[in-house]
1. So, in nm, how far is label Glu81 from label Leu207 when the simple model puts each one 7 Å beyond its Cα toward the Cβ?
2. Rounded to the nearest 0.05, what FRET efficiency is calculated for Lys190 and Ile27 with R0 set to 35 Å and r the Cβ-Cβ distance?
3. What translational D, rounded to a whole number of µm²/s, comes out for segment 99-174 from Stokes-Einstein when the hydrodynamic radius is the Kirkwood one over Cα pairs, at 10 °C and 1.306 mPa s?
4. In vacuo Debye scattering of segment 1-61, one point per C-alpha: log10 I(q)/I(0) at q = 0.25, 0.28, 0.30 Å⁻¹?
5. Suppose we keep just the DSSP beta bridges with both residues in the chain; what percent of those would be antiparallel, to 5?
6. Tell me the mean residue ellipticity at 222 nm calculated for the chain from its helices only (DSSP H runs of n ≥ 4, each -39500 (n - 2.57), averaged over every residue, nearest 500).
7. Report the one residue of Tyr151, Ser189, Ser167 whose Cα lies farthest in the direction of the positive end of the charge dipole of the chain (charges on C-beta: Lys and Arg +1, Asp and Glu -1; origin at the Cα centre).
8. Quick check for you: which residues of segment 16-30 have the amide N under 16 Å from the point 7 Å beyond the Cα of Glu9 toward its beta carbon?
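None of the figures in this text is laboratory data; all of them are computed from the coordinates on show. All of these numbers come straight from a predicted model, not from anything done at the bench. Ideal geometry is used to build each Cβ from the backbone, glycine not excepted, and the neighbour counts take in all protein chains shown.
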Amino acid sequence: MNIDQAIEERLNEIKQDKISGAAVLIIKAIEVLTFFTTHYQNPSCEKFLSDLYSLALKLIQTQPSMAPFYNLVHLITLETEKSQNLDAAKQRVIETAARFQQEQENSAYKIAHHASKLLKDGQIVLTHSFSSTVARALTQTRDDGKKITIYCTESRPKREGQKMALSLLNEGLEVKLITDSAAFSLLQSKTIDHVLCGGDSLFEQGLVNKIGTL
């Protein structure tokens, strides 16, 4: 398998992933950019940048609803557009991608600790779909010494909620898997104290997430 085929396979893998959240998929996008950069053979800096930007556009097209993909591409473009030679351009891609990944990790850490402060011992939380960030926040709540009960919707048709429930169960949390329609009864009965869900993109009018989030 040549480099182009390997990249196309990785792009297709990201595109076909309808279960993982943005926090997981953006790491795969960073890996694609790093793989492309480290294996690039053409000695022309101009050609490298042209191919890099083409790849960046393809990455956005794999998950067009996920804001981190746009943020990553924008940052890579800004950092590389004034590169004077190939080595400098490659170095900037590697360093920028690594810095972006670290910032993602720092953000997830801050979100988890902030969310834990919002949750009190004995409360009940509803989740919808799968989000590694939400799972991390709920685990952090446990680590902070608070016991909570979590209801996970199945999140049909892909049933990402089953993956979420299993992930939380493996962490030793108290989890109940419910059908999507059962969520309405829980909300109307005021059984639920908090609803936590991920967001692929956040803007003034709302957020983009799994169907049913509203």
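1. About 3.1 nm separates the two model spin labels.
2. 0.40
3. 125 µm²/s
4. Once normalised to I(0) and log-transformed, intensities are -1.11, -1.30, -1.41.
5. The antiparallel proportion sits near 20 percent.
6. Rounded to the nearest 500, the figure is -19500 deg cm²/dmol.
7. Ser189
8. Residues 16 fall inside that zone.
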